[in-house]
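Down below is the structure, laid out as structure tokens.
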Amino acid sequence: QYIIDARLSRRIALGPKVNLDLVAEAFNLLNSTNIVLERNGRFTFANGVLTPQASFGTDLAAADPRIVQLAARITF
């Protein structure tokens, strides 16, 4: 399970003191499923009775899917 984040940026001079910055960012670039929480208890114990969990090993939560954002900034 890997998360790859990437960023590309480019600065373009528009004048002697004016710049345009273009930025593209991608988080979880490959859009892989990254499990962050899993039901890992095989049994529950209540009222002195040990009961097997029917949902043992199921995934409960995952990290964010792919996120891409673009930005432009003018500095002067």
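The values are calculated or read from the model by the stated rules, or taken from the named source; none is laboratory data. Here the structure is a predicted model, which is why all the values come from computation and not from measurement. We place every Cβ from the backbone using ideal geometry, glycine too, and count neighbours over all the protein chains shown. Just the protein is used for accessible areas: all its heavy atoms, side chains included, with ligands, DNA and RNA removed. Shrake-Rupley method; radii C 1.70, N 1.55, O 1.52, S 1.80 Å.
Please compute the net charge surrounding LEU29, taking Lys and Arg as +1 and Asp and Glu as -1 over other residues with Cβ under 9 Å from its Cβ.
Here the count lands on 0.
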Report task. Report ILE12's accessible area, 1.4 Å probe, all protein chains in place, as a number in Å² to the nearest 10. Result -> 60 Å²
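Heavy-atom accessible area per residue, segment 9-58, 1.4 Å probe: how many Å²?
Details: 3840 Å² over 50 residues.
Accessible area per residue, segment 9-58: 77 Å².
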Query - Where trypsin sites (Lys or Arg not before Pro) fall in DSSP loop in the chain, at most 13 other Cβ within 10 Å - result: LYS17, ARG39, ARG42, ARG66
Query raised in the report: Where in segment 20-37 does the label zone of SER55 land, with the point 7 angstrom along Cα→C-beta and an amide N cut-off under 16 Å?
Result: 36-37
Report task. Report the label-to-label distance for ALA63 and ASN34 in nanometres (one decimal), using points 7 Å from each Cα along the Cα→Cβ vector. Result -> 0.1 nm
**Report entry** segment 1-55 versus segment 62-76: alpha-carbon centroid distance in Å
**Finding:** 14 Å
